[in-house]
Amino acid sequence: MSEAPAVSTPLKSNSGPQISSPTKSLKQQKLGQYFYQSPDPLVSPSPSKRKSPLPDIPSPFSNKRITRSASSASLNTATVAQQQIFPPPVDLSPLPPAIKSRTVSNPSLPERPSKKRRTSEKSQAQPASPVNLLRDALAPNLHILFVGVNPGLQTAATGYAYAHPSNKFYPLLYLGGITPQKCHASEYQSLVERYGLGHTNIVQRPTRDASMLSKKEMEDGVANIEAKVRSCRPGCVVLVGKSVWEAIERVWKREGKWKSKTPFKYGWLDAWIGKDKDWPGARIFAATSTSGLAASVPWHEKIESWKELGSWYQQRVAEQKQAGGTDP
């Protein structure tokens, strides 16, 4: 019998894919390099000749492939970027004694001019009305002589005291029971004859706001007020605003006429002004300011203060009628 020809059968490997006969196709040879083959335990390959089993993986963010050299370059770039974000520590040693500012100034920039301190005394060259048509409303034996601070711009322009619409002087006269009806600023001069109410100011210079006056202006007007009171001899003097009393108090303390340490309170004060040889002077009543800008005292408290003055006024008018005197 003749022997059968030998047939090549594929080899089987437990650790990898099946390996065909020595005559492999080109495609199979290229695919075979991606599979891991266990090395021969008897022959250990050199580490320098061993290749990484992992192929180059394309990056989804660029067309370049991530290789070992590219990853090293990325690491170096990140290190440089980190040094830019976190620079090396700066020398924080104290500045030389010649530099007094807290921050280091740039010598190339011009120095900022220093601000001047505001003086306590307000300048007298404040905006004021070019004319002052207001005149005092005075007469002998008045019931009340009102003393205001100074004319406002509208008062100076019209010649009517408390002419600004926001001023509450005339409403408080009515609500306090001093006048039987609410009067208008244009009736300013007629109040002397009708109700025995006179008026003057401690400062004649008109301004937009009473705070624009200096202390010296206020104190210089005290002597004029005392002379007017001695001339009219009213039943009482009503100071419209706390600042009028403060100016009188400063002058009297300097002259030794006032030594009381009683805290200020709106209403009747234990002080008389305009004392003469045969006349004890007129008692002072401190009334709240009627300006629309003065909001430190609530409206209901202002009304109560002026009602106290109104009660005294009504009592004085009644006493004069009983004594047969004329009204006012």
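Observations on the structure shown:
- 3J(HN,Hα) couplings calculated from phi for the range 254-268 with the Karplus curve 6.51 cos²θ - 1.76 cosθ + 1.60 (θ = phi - 60°) are, in sequence order, 5, 8, x, 8, 9, 10, 5, 10, 5, x, 5, 8, 5, x, 6 Hz; Gly and Pro show x.
- Subset of 242/302; 275/307; 257/277 violating a 23 Å alpha-carbon distance limit: 275/307
- What the range 154-259 shows is 44 Å² of accessible area per residue, with the surface traced by a 1.4 Å probe over protein heavy atoms.
- 3J(HN,Hα) from dihedral phi, the range 219-229, Karplus parametrisation 6.51/-1.76/1.60, rounded to Hz, x for glycine, proline: 6, 5, x, 5, 4, 5, 5, 4, 5, 5, 5
- Computed 3J(HN,Hα) for the range 284-293, one whole-Hz value per residue from the Karplus formula 6.51 cos²θ - 1.76 cosθ + 1.60 where θ = phi - 60°, is 9, 10, 8, 9, 5, 5, 9, 5, x, 7, glycine and proline marked x.
- Under 5 Å between amide hydrogens, built in the peptide plane, is the criterion, and for residue 201 it picks out 148 among residues at least 5 positions away or on other chains.
The values are calculated or read from the model by the stated rules, or taken from the named source; none is laboratory data. Because the structure is predicted, anything quoted here is derived from the model rather than measured. When the accessible area is computed, the model is the full protein with side chains, heavy atoms only, and any ligands, DNA or RNA have been set aside. Shrake-Rupley method; radii C 1.70, N 1.55, O 1.52, S 1.80 Å.
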